Amino acid sequence: MTIQPTEETVAAAATAVPAEQQQQPSPQATVSATRGGEKQGPAERFALASFITVPFLAVLAAVPFAWGWGLGWHDVVIMVVMYFTACHGVTVGFHRFFTHGSFKANRALKIAMAVAGSLAIEGPIVRWVADHRKHHKFSDKDGDPHSPWRYGESVPALLKGLWWAHMGWLFDEEQTPQLTYAPDLVKDEDISWISRQFAFFTLTSLLLPPLVGGLWSWSWEGALTAFFWGSLVRVALLHHVTWSINSICHAVGKRPFKSRDRSGNVAWLAVLSCGESWHNLHHADPTSARHGVLRWQVDSSARLIRWFELAGWARDVRWPSPERIESRRAA
């Protein structure tokens, strides 16, 4: 049985929370979500800058040191292809299609997006979608699985909250009820089967780069370096970019659109996140197929959806009209 996600299904899944699971926003969370134009202090900005830049500088510094000693063009090509295949599987598939129903897809495209997203190794697809729908239900309030404002707004609280939003929440014992937040995917036989095969897709994602690298270079060394860069580094980088949408994009960034949370646009993450870092518009208009709606905002996921539409694989795409965009402008 195949279930196509619709706006009504997604909305119902995001709001139909049992009474015993509903949580009232704490005063701190309410203040955090509505603080709006208040500016951050120097200490808060320094803490955010350190948290954001240090890990990425470390990754960038590793590339020139490794070039010629375990990094070659084969490794770069394999890493880039695997990275953007999995990244778009998450952004176009897991997020815009399965979570928000931004467009409709034929069965082949639906399955391909689910498989591509599973290669990102970010958890089974049904769990991923359930977590994200719950995030939108309680965004930056009590009940949000990964808000950086969870502990308050002081520097220690913010650092603790950033860690929680970035990856700490993944170790939370409390799991989002999938039947409550993703009933459409639970009933979809194709997607529920792919979700159960997460271990298989994890192994495929890790073993495919060394297989290609070994055959391309016809050497064990080529397989080893492809595994390091195409598997380990690629997965780690994609994970941190994805998690940065939860942490960084809910702590800093421009907010040209009205939203009920602290979501912001972070331009320097746009390419690596395949357009997801235009996060303020997304929370202002969650079902929009395009997140980068302003001039010069790169959104490769929206471009890919457009190609799918032109090929006849996607239909009923929820492209934002100029009037819809303007209606969501912040005062």
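Scanning for something out of contact with any helix residue (DSSP H, G or I) (no Cβ under 7 Å at 6 or more places or on another chain) and buried (at least 19 other Cβ atoms within 10 Å of the Cβ), does segment 321-331 turn up at least one residue?
Pass one, segment 321-331, residues out of contact with any helix residue (DSSP H, G or I) (no Cβ under 7 Å at 6 or more places or on another chain): 321-327, 329-331.
When the remaining residues are screened for being buried (at least 19 other Cβ atoms within 10 Å of the Cβ), the result is none.
Within segment 321-331 (the criterion being out of contact with any helix residue (DSSP H, G or I) (no Cβ under 7 Å at 6 or more places or on another chain) and buried (at least 19 other Cβ atoms within 10 Å of the Cβ)), the answer is no, since none of the residues qualifies.
Going through (1) surrounded by 23 or more Cβ atoms within 10 Å (Cβ to Cβ); (2) in a loop (DSSP other than H, G, I, E, B) one by one, Thr287 falls short only on (1).
Of all residues in segment 125-158, count the ones that are under 15 Å from Asp261 (Cα atoms), among the hydrophobic types (A, V, I, L, M, F, W, C) and buried (at least 23 other Cβ atoms within 10 Å of the Cβ).
Filtering segment 125-158 for residues under 15 Å from Asp261 (Cα atoms) gives 132-150, 152-153.
Next, only the ones that are among the hydrophobic types (A, V, I, L, M, F, W, C) stay: 138, 149.
Okay, now just the ones that are also buried (at least 23 other Cβ atoms within 10 Å of the Cβ), so 149.
The number of residues fulfilling the criteria is 1.
Screening segment 168-269 for helices (runs of 4 or more DSSP H) wholly inside it with 1 or more residues that are of a type outside the set (Lys, Arg) and more than 17 Å from the chain's Cα centre (by Cα) returns the ranges 178-181, 183-187, 189-196, 198-217, 220-226.
If I ask for residues that are in a loop (DSSP other than H, G, I, E, B) and in contact with a Leu (Cβ under 9 Å, 6 or more places away or on another chain), which ones from segment 146-167 would you list? His146, Pro148, Trp149, Tyr151, Gly152 - these are the residues of segment 146-167 that are in a loop (DSSP other than H, G, I, E, B) and in contact with a Leu (Cβ under 9 Å, 6 or more places away or on another chain). Looking only at segment 291-331, residues that are in contact with a Pro (Cβ under 6 Å, 6 or more places away or on another chain) and over 14 Å from Lys258 (Cβ atoms) come to 0 in all.
Every number here is computed from the coordinates shown, using simple stated rules; none is lab data. Worth saying up front: this structure is predicted, and the values here are computed from it rather than measured. Methodologically, a virtual Cβ is constructed for each residue, glycine included, from the backbone with ideal geometry; neighbour enumeration extends over all protein chains shown.
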